[in-house]
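Heads up, the thing below is written out as structure tokens.
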Amino acid sequence: MILSDSKILEEIEKGTIVIEPYNRKNLGSNSYDVHLGKYLAMYDNDTLDAKKHNTITHFDIPEDGYVLLPGILYLGVTEEYTESHKHIPFLEGKSSTGRLGIDIHATAGKGDVGFCNHWTLEISVVKPVRIYAGMPIGQLIYFVSEGEVINSYDKKSNAKYTGRNDKPVESMMWKNKF
């Protein structure tokens, strides 16, 4: 079951959902619109290795925007910091974003109960497109989690994407044992 706007508001009041900054005008009938933060990042190497730490370089999106190019993976970040202590958050692109040919995540649209951070976006484009910090980029949808959560993400000792990062975070796949 997806939370409606009234349930999202209720959960924000209870503190089980946190959105900072929060603006009531970004609340839809069953989602909350999030915006592109001011930082992007690109991997330093053309070839990535899943067993190695692939470093990235961060840069600010200029006030007059930045043109994303096809064939490049950009890491972006949401302007909003979020916490979800009871519900399963899903991040999806807005239809207006998709109609510009912008994908905001390759595979990581689902968060975990206990996820507390800005969302790193895995951005790719179909054709060149100019983007701007603060533009609407996606929407958060909250699903009900049935049963007690035993292993909340913010309490996991091996959680790789915790903390409060307002810049995109690179893949931490290299920390896995395989």
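Readers should treat all values here as calculations from the given coordinates under stated rules, not as data from a laboratory. Bear in mind the structure is a predicted one, so any value in this text is a computation, not a measurement. With ideal geometry, Cβ positions are generated from the backbone for all residues, glycine too; neighbour counts draw on all protein chains shown.
Can you pull out every residue in segment 19-35 that is closer than 13 Å to SER6 by Cα and aromatic (Phe, Trp, Tyr)?
TYR32, the sole residue that qualifies.
Just the residues that are assigned to a strand (DSSP E or B), among the aliphatic types (A, V, I, L, M) and within 21 Å of VAL18 (Cβ to Cβ), please, taken from segment 69-125.
Initial filter on segment 69-125 (assigned to a strand (DSSP E or B)): 74-84, 87-93, 102-103, 110, 116-125.
Pick out the ones that are also among the aliphatic types (A, V, I, L, M) and you get 75, 77, 88, 91, 102, 121, 123, 125.
VAL77, ILE88, LEU91, LEU121 - these are the residues of segment 69-125 that are assigned to a strand (DSSP E or B), among the aliphatic types (A, V, I, L, M) and within 21 Å of VAL18 (Cβ to Cβ).
What's the total number of residues in segment 1-43 that are surrounded by fewer than 17 Cβ atoms within 10 Å (Cβ to Cβ) and either outside any loop (DSSP other than H, G, I, E, B) or not hydroxyl-bearing (Ser, Thr, Tyr) (or both)?
Number satisfying all stated conditions: 21.
I need every pair where a residue in segment 56-72 that is in contact (Cβ under 8 Å) with a residue 40 or more places away in the chain and more than 17 Å from GLY98 (Cα to Cα) has its Cβ under 7 Å from the Cβ of a residue that is aliphatic (A, V, I, L, M) and assigned to a loop (DSSP other than H, G, I, E, B), sequence separation at least 6 or different chains.
Correct list of pairs: ILE61/ALA133.
For ASP46, which of the numbered conditions (1) under 24 Å from ALA133 (Cβ atoms); (2) in a loop (DSSP other than H, G, I, E, B) fails to hold?
(1) is the only condition that ASP46 fails.
Just checking, how many residues over segment 87-109 are within 20 Å of ARG130 (Cα to Cα), crowded, with 19+ Cβ neighbours inside 10 Å and either aliphatic (A, V, I, L, M) or in contact with a Cys (Cβ under 8 Å, 6 or more places away or on another chain) (or both)?
Number satisfying all stated conditions: 2.
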